[in-house]
Structures are given as C-alpha cells and as structure tokens.
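This report refers to the structure that appears directly beneath it.
The values are calculated or read from the model by the stated rules, or taken from the named source; none is laboratory data. What you see is a predicted model, and the numbers here were worked out from it, not measured in a lab. Here the Cβ positions follow ideal geometry from the backbone for every residue, glycine too, while neighbour counts run over all protein chains shown. With ligands, DNA and RNA removed, areas are computed over all heavy atoms of the protein, side chains included. Shrake-Rupley method; radii C 1.70, N 1.55, O 1.52, S 1.80 Å.
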Amino acid sequence: MNGIWTIVLLFVANIFMTVAWYGHLKLQSVNVITDNTPLYFVILMSWMLALPEYCCQVNANRIGFEGNGGPFSLVQLKIIQEVISITVFAVFSIVAFKGQELRWNHLAAFACLILAVYFVFRK
C-alpha cells in the first residue's frame, strides 16, 4: 500500500509544482498578471503553491523509501518522480497552453524516460 500512496502523493505534488512553476505564465497570457506585476508577488504566489507540493513530496519519499519500510530505492523514487513530473507537465501544457504541441521528438524523449523506469526496476 505504501507504493500506491507514494505514487498518488507524487502525482499531487507534481500538480502543485507544475502550477507553481508555470501557472504564472498562463495567468500572464490571459492578463490576470501583467508585465507590471512585481516579480516578488509572482514568486510569493508560486511559493504558496510550492508548500503543499513539498508536503506531498516529502511524505511520498518518506513512505516510499525502502529504508523506511517502503518498496522503492532512492534511485527508483527519483525516476518515478521524473516520469510523473513530465507526464503532469505534458498534460498541463496541452490543456493550459493551447497551441503547445507534443512533437515526435518529445514523445521519443518520454519513451526514453519510460525505458529508464524499466531499467531502474530491472534486477
């Protein structure tokens, strides 16, 4: 069950992270945030979104790490996190930023990440 909770928490963490890192660009594109909005405001807004991300990420790593009774090694946790991160980003960029497209080379890179997961779990 720790493995499932780890993956769920990593997904939630990465949703918050993606919105914290790239959400302000969407808000700027729809004129909620303007060029005159102070950078410190945008950073503070992103940090407020990053707090729940950290809460989920740290919990996911704690319960998922084999040293704490979880099923994953440190390297496995990182590779899982990267694949989840790029998956969440791909969906976010397509949904939030119309006109951004995934091309064949993006899909090839994603396939390489999936292969990384395969190899990191190979005994």
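Okay, here's what the table says:
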| item | result |
| --- | --- |
| Conditions (1) over 19 Å from the mean Cα position of the chain (by Cα); (2) without any contact (Cβ under 8 Å) to a residue 24 or more places away in the chain; (3) open to solvent by less than 80 Å² (accessible area, probe 1.4 Å): number failed by ILE43 | (1) |
| Condition broken by GLY99, with the remaining ones in (1) at positive phi; (2) open to solvent by less than 70 Å² (accessible area, probe 1.4 Å) satisfied | (2) |
| Criterion: of a type in the set (Gly, Ala, Ser) and surrounded by fewer than 16 Cβ atoms within 10 Å (Cβ to Cβ) - qualifying residue of GLY23, GLY67 | GLY67 |
| Top-ranked residue of segment 8-40 - restricted to ones that are of a type in the set (Phe, Trp, Tyr) and touching a residue at least 40 places away in the same chain (Cβ under 8 Å), ranked as nearest to SER85 (Cα to Cα) | PHE11 |
| ILE80 open to solvent by 40 Å² or more (accessible area, probe 1.4 Å), under 22 Å from VAL120 (Cβ atoms) and touching a residue at least 12 places away in the same chain (Cβ under 8 Å) | no |
